[in-house]
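The values are calculated or read from the model by the stated rules, or taken from the named source; none is laboratory data. These numbers were taken from a predicted model, which means no experiment stands behind them. Because the Cβ atoms are built from the backbone with ideal geometry, glycine has one as well, and the counts that use them run over all protein chains shown. Areas reflect the complete protein model, heavy atoms only, side chains present, ligands, DNA and RNA absent. Shrake-Rupley method; radii C 1.70, N 1.55, O 1.52, S 1.80 Å.
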Amino acid sequence: MGFDCNSYEGVLCQQAKGFEEIFPAFLKRIKPERIIEIGTGSGGFTMFLQDSLDRFGSFANIWSYDINIPRDYEKIEDRGVRLCQCDVFKDDQIELMESLISSEGTTLLLCDGGNKKGEFNLFSKSLKVG
């Protein structure tokens, strides 16, 4: 799969040990229509998510938000991920993200930016039951 202990295909992956076993099964089970990731970081996890979706034939889209664009952004965008350099706490982004979250189908929202509690508190009201 392209892993070592800290990276995915040479790109830093800032996740807890064992994520590479848990997330593919989880994604396959919930079959998300879209993934919204707040906090791209270096992008290794984002690449891993897209590759995991591709392996089981999902057509889900990933939107990944961060204030900074990762150094390896081309590797991420080449996979079809929509990278958004912005502050998710700004009004125009809040409306866009609430619209994505509440769209038809399952949305997986990953609050992993610099203000996890604020991200969750702001966007959790848009989550759907189930």
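Every residue in the range 70-95 that is in contact with a strand residue (DSSP E or B) (Cβ under 7 Å, 6 or more places away or on another chain), open to solvent by less than 80 Å² (accessible area, probe 1.4 Å), in contact (Cβ under 8 Å) with a residue 24 or more places away in the chain and not charged (D, E, K, R), please.
Across the range 70-95, the qualifying residues are ILE76, VAL81, LEU83, VAL88.
Of all positions in the range 11-18, none carries a residue that is under 18 Å from GLY105 (Cβ atoms) and surrounded by 20 or more Cβ atoms within 10 Å (Cβ to Cβ). Considering the range 7-52, and only residues there that are among the aliphatic types (A, V, I, L, M) and in a strand (DSSP E or B), the residue that is nearest to GLU98 (Cα to Cα) turns out to be ILE36.
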